[in-house]
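Q: First the structure, which I've put down as structure tokens, then a few questions once you've had a look.
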């Protein structure tokens with residue numbers, strides 16, 4: 001990957017897909033890792049520094065607009081101009097829509113949608129005068145098809161995906177690309193929390209007619225690294241003519257919908 005030694009800001013970097021993205025981008029970029037999980041950030045930063053990567057961690061809630069603005073300013077002061085933004089932070093609160101609480105709805109949008117807006121806006125404002133940069137938002141294939149008990153999650157991911165594509169249209173004149181990676185079921189702590197027993201992966205791969213959910217044609221769950229590789233491609237010069245694209249990485253689970 002050619003990243004021209006840029007600074008890469010990765011949100012949700014303490015675990016799961018966010019950590020995998022940080023690891024993937026650490027080959028050629030300095031990493032600014034954001035998460036509310038300070039202990040997880042410390043572990044990731046230690047790991048990346050052992051690999052020879054310049055990495056710093058920042059414990060920040062992306063739902064806090066003022067905190068985001070302050071940390072982006074701090075990152076540029078401490079590490080240099082941000083050339084890559086990967087919006088990965090996300091939360092999942094499951095419940096039937098009719099019983100979903102206000103608190104769960106608001107918490108979901110605070111991270112999954114408002115967080116993408118806050119961080120993207122702060123970074124894009126600084127990218128525009130430099131006429132360079134790339135932004136990738138990790139969405140979900142749940143933004144492509146309805147999912148039972150996932151109304152808040154799916155709606156929040158759909159909103160952040162469309163925001164990112166609209167941002168890409170506005171920023172194209174400045175040479176800044178904005179794309180979306182939409183994972184399907186991926187072997188992370190978030191996914192495993194949904195399983196009821198050790199055969200959870202098998203059930204996800206097989207699908208569930210009762211919940212109107214197809215299985216996975218490729219017959220495997222994604223690893224976090226599968227998603228990270230898609231992000232790495234989209235931020236690379238190999239994708240220099242790709243913008244406003246939504247790349248679905250779900251093993252065919254949504255049949256290209």
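The values are calculated or read from the model by the stated rules, or taken from the named source; none is laboratory data. Treat the numbers as computed from the prediction; the structure is a model and nothing was measured. Positions of Cβ are backbone-derived with ideal geometry, glycine not excepted, and every protein chain shown enters the neighbour counts.
Q: Given the structure, is residue 48 over 26 Å from residue 177 (Cβ atoms) and modelled with pLDDT of 95 or more?
A: Here the answer is no, as residue 48 does not meet what is asked.
Q: Given the structure, is residue 100 under 20 Å from the mean Cα position of the chain (by Cα) and modelled with pLDDT of 95 or more?
A: Against the criterion (under 20 Å from the mean Cα position of the chain (by Cα) and modelled with pLDDT of 95 or more), residue 100 does not qualify.
For every residue, the table says whether it meets (1) out of contact with any helix residue (DSSP H, G or I) (no Cβ under 9 Å at 6 or more places or on another chain); (2) part of a helix (DSSP H, G or I).
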residue	(1), (2)
122	no, yes
127	no, yes
136	no, no
146	no, no
149	no, no
153	no, yes
158	no, yes
163	no, yes
168	yes, yes
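Q: Sticking with this one: How many residues are over 18 Å from residue 242 (Cβ atoms) and out of contact with any helix residue (DSSP H, G or I) (no Cβ under 8 Å at 6 or more places or on another chain) when one looks only at region 170-184?
A: Selection size over region 170-184: 0.
Q: Suppose we filter region 141-175 for residues that are without any contact (Cβ under 8 Å) to a residue 24 or more places away in the chain and closer than 20 Å to residue 221 by Cα; how many remain?
A: Count: 2.
Q: Restricting to region 90-99, and then to whatever is out of contact with any helix residue (DSSP H, G or I) (no Cβ under 6 Å at 6 or more places or on another chain) and in a loop (DSSP other than H, G, I, E, B), can you tell me which residue is surrounded by the most Cβ atoms within 10 Å (Cβ to Cβ)?
A: 94
Q: Considering (1) more than 30 Å from residue 101 (Cα to Cα); (2) modelled with pLDDT of 95 or more; (3) surrounded by 21 or more Cβ atoms within 10 Å (Cβ to Cβ); (4) within 19 Å of the chain's Cα centre (by Cα), say which one residue 157 fails and leave the rest.
A: Going through (1) more than 30 Å from residue 101 (Cα to Cα); (2) modelled with pLDDT of 95 or more; (3) surrounded by 21 or more Cβ atoms within 10 Å (Cβ to Cβ); (4) within 19 Å of the chain's Cα centre (by Cα) one by one, residue 157 breaks only (1).
Q: Hey, which of the helices (runs of 4 or more DSSP H) in region 188-257, taking only ones fully inside, have at least 3 residues that are at pLDDT 90 or above?
A: Ranges flagged: 224-235.
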